[in-house]
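Working notes, beginning with the structure itself.
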Amino acid sequence: MKKKIYLDYASTTPTDPKVVKAMEPYWNTYYGNPSSLYQLGLKSKEAISQAKIKISKLLNCQTDEIIFTGGGTESVNLALKGVMNKIEAGHMITSSIEHHAVLHTADSLKKSGQAISILPVDAEGLIKLSDIETAIQDNTRLISIMIANNEIGVIQDIQKIGALIEKINKARAKKALPRIYFHTDACQASGTLDLDVKKLHVDLMTINGSKIYGPKGVGLLYIKTGTIIRAIIDGGGQEKNLRSGTENVPGIVGLATALELTNQTKHKENARLTKLRDQLITGILKTIPKTILNGHTTKRLPNNVNISILDVEGEAMLLYLDEIGIQASTGSACTSTTLDPSHVIRALGCPYEVAHGSMRFTLGKYTKATDIKYVLKHLPDIIKHLRAASPVIVDMKEVDRAIKNAPRKIETL
Amino acid sequence: MPKKTKSPVKDLDRSGKKPSRRKTDIASSVDVVPKGTNDTWIYTDTVKEHFFSPKNLVTDASKMKGYDGLGMVGSPACGDMMKIWIKVDKQADKIKEMKWQTFGCGSAIAATSMLSVMVSEAGGIKIDKALAIKPQDITKRLGDLPTRKIHCSVLGDKALRSAINNYFIKTKQKDRVIKEQVRIIDKIAKVTDHDIEEAVLEGAHTLEAVQKKTKVGVGNPEVIPEVEQLIRFYTEKYFG
């Protein structure tokens, strides 16, 4: 029997059987349209209300502040376009390590006449508070910064950033300047971190189901009461007119159940995963020479390991790992649709060759200590083999110098 | 003779045997799913064979002595780099042996390995024939590559030409040295690699900028991956 070790939980998670069970009745028994007024419709409407109650407790918000969508990307699009398209010639700030859902939406906003500033990160992937202050302009309308990064797992201090924006907003109110909204992409964080929107000081927050053992194709956007936003999808006016289209009732039930379940177990699970994560990180860095941990050592998700292994290329490593049953991912250009390697690893200041050689292992609830041992047993041989076949010898000192000398400027799109 | 490469994946060290694949195993039939698309990238068994058990691979470059030509192209920054050593039968004007090292993905490694077989099989091929090898010839022998991965195989023939040139120079056959031929990249827009090189030299470093100057790939999007690779290659060459 071939081994199968899934270490790509940041890409997506298997659906928890309890989630599947909770969703089950809404396929065939309670299949009504929530907008219908008869019993079957009301049953579906009730399921959505219950889901909102469950989630509102976790987020510490009102039920009518939750809008269900078709996933994380759609929530991000609604937050960014919904807020920015409400005004003309506005300004938005985001960071260089955001998911493409944010960065490509920013591109599209730029094309429709909005100005965009992109904040740099330091060598460990953290955003400087002072950069946020510098980037803010009179016409700034929105700031979007992710809690935890999907590639390198780095956790930003959203609480501090949120509090800073709140302080700035108070000062702006006195000068009759418009309020700045704060959105955070919490897709990677929702199974592990505190999602209390009041503690985080956020106005908008994106969450999806597929990273928390919930269903794919469903997400939510928390929108603080009073936020000026408009729909990006026109139609029947569901979800307070902000997300038209018949609600995905089984998906919504699944998302709420998944959020509830992961939040019940997260403290214990975080501790367990952190231990395994650190074993894997230390193991690789110790046994394989010329390796670099990408992202902060401790301010990172409990399940994220991202390491660049120099002189070899990511896809080659990935294929060898797959052959022995280890499923992971890489920031190499060779697995992307463009020829660009990971923008996140590049943003750390790393040269292209470091990004091409990056491997991401993300752990999850079915990851066992023996799986980590298995990776640590086989990875060094694979690297030895690929390095022997490689004509490249990257100078570590040059890499260090490149990281140290990276410009790290606030960029305008 | 460099020793035969041993694959770290033990049950895969098939040394030329036909690969046996468990068809029921989902993980082995679905390979790499690129970010942002639904395409699956399935490599043929021939590609896998050459990737997991590369032929004529050099595992210790310091031991490479007595070769007649050495060539190198690419850079780690652009994601692919190849180094090729050749031995030539001077009387017959034939390549006897080709050894190589590659930094790159599965396609790049498999393509170089296949190229080494193509030039050395059946007693080797004439130098003129080796010079005429195109990336498509390699891809064809590999049983095709996923469309998006074809650009990963375009450096092998260049590296071989550079090794042959090195042989020409070493043996004082200066008249035979070939300047890198002009290659048509976009048949519709009639854009060559030289045009792209010129555009990069004039400061166009993005696809958009190069397209403004050359119209390459505008009506012919299949060539864009190769164009992007060339832009990266020339940018690295002149500005890297």
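The values are calculated or read from the model by the stated rules, or taken from the named source; none is laboratory data. As the structure is a computational prediction, the values presented were derived from the model and not from experiment. Every residue, glycine among them, receives a Cβ derived from its backbone with ideal geometry; neighbour counts consider all protein chains shown.
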Output the residue which, of all residues in region B:17-59 that are modelled with pLDDT of 90 or more and either within 9 Å of chain A (Cβ to nearest Cβ) or more than 21 Å from the chain's Cα centre (by Cα) (or both), is farthest from A:ILE5 (Cα to Cα).
-> B:VAL58
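From A:ILE212, A:ILE223, A:ILE233, A:ILE229, which residue is over 23 Å from A:THR15 (Cβ atoms), within 19 Å of the chain's Cα centre (by Cα) and hydrophobic (A, V, I, L, M, F, W, C)?
A:ILE223
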Might you let me know whether region A:165-185 holds any residue that is within 19 Å of the chain's Cα centre (by Cα), within 24 Å of A:TYR213 (Cβ to Cβ) and either among the polar types (S, T, N, Q) or not in a helix (DSSP H, G or I) (or both)?
-> yes
In region B:217-234, which residues are more than 11 Å from every other protein chain (Cβ to nearest Cβ) and under 22 Å from the mean Cα position of the chain (by Cα)?
-> B:GLY217, B:PRO221, B:GLU222, B:VAL223, B:TYR234
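Would you call A:GLY237 of a type outside the set (A, V, I, L, M) and either crowded, with 20+ Cβ neighbours inside 10 Å or farther than 26 Å from A:TRP27 by Cβ (or both)?
On the way: of a type outside the set (A, V, I, L, M): yes; either crowded, with 20+ Cβ neighbours inside 10 Å or farther than 26 Å from A:TRP27 by Cβ (or both): no.
No, not satisfied.
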So which residues in region A:341-357 are small (Gly, Ala, Ser) and within 12 Å of chain B (Cβ to nearest Cβ)?
-> A:SER342, A:ALA355, A:GLY357
Has region A:386-408 got any residue that is free of Cβ contacts under 8 Å to residues at least 40 places away in the same chain, crowded, with 16+ Cβ neighbours inside 10 Å, acidic (Asp, Glu) and out of contact with any helix residue (DSSP H, G or I) (no Cβ under 6 Å at 6 or more places or on another chain)?
-> no
A:LYS4 passes all but one of (1) in contact with a Leu (Cβ under 8 Å, 6 or more places away or on another chain); (2) modelled with pLDDT under 95; which number fails?
-> (1)
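Among the residues of region B:72-118 satisfying the criterion of being more than 26 Å from B:GLU226 (Cα to Cα) and not charged (D, E, K, R), which is farthest from the other protein chains (Cβ to nearest Cβ)?
Here is the first cut: in region B:72-118, the ones more than 26 Å from B:GLU226 (Cα to Cα) are B:86-97.
Pick out the ones that are also not charged (D, E, K, R) and you get B:86, B:88, B:91-92, B:95.
Details: B:ILE86: 15, B:VAL88: 21, B:GLN91: 30, B:ALA92: 29, B:ILE95: 19 Å.
Step by step, filter region B:72-118, then rank; the result is B:GLN91.
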Scanning region A:192-236 for residues that are more than 23 Å from A:LEU103 (Cβ to Cβ) and among the small types (Gly, Ala, Ser) gives A:GLY214, A:GLY226, A:GLY235, A:GLY236
Counted residues in region A:143-161 being more than 19 Å from A:ASP203 (Cα to Cα) and of a type in the set (A, V, I, L, M) come to 2
So which of A:GLU74, A:GLU88, A:GLU46, A:GLU65 is modelled with pLDDT under 95 and either out of contact with any strand residue (DSSP E or B) (no Cβ under 9 Å at 6 or more places or on another chain) or crowded, with 19+ Cβ neighbours inside 10 Å (or both)?
-> A:GLU88
Apart from one, (1) among the charged types (D, E, K, R); (2) facing chain B (nearest Cβ under 10 Å); (3) touching a helix residue (DSSP H, G or I) at 6+ places or on another chain (Cβ under 7 Å) all hold for A:LYS365; the odd one out is (2)
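I'm trying to understand the selection: among the residues of region B:212-227, which are in contact with a helix residue (DSSP H, G or I) (Cβ under 8 Å, 6 or more places away or on another chain) and either crowded, with 16+ Cβ neighbours inside 10 Å or part of a helix (DSSP H, G or I) (or both)? Can you show your working first?
Taking region B:212-227 first, the residues in contact with a helix residue (DSSP H, G or I) (Cβ under 8 Å, 6 or more places away or on another chain) are B:213-214, B:216-218, B:222, B:224-227.
Correct list: B:LYS213, B:THR214, B:VAL216, B:GLY217, B:GLU222, B:ILE224, B:PRO225, B:GLU226, B:VAL227.
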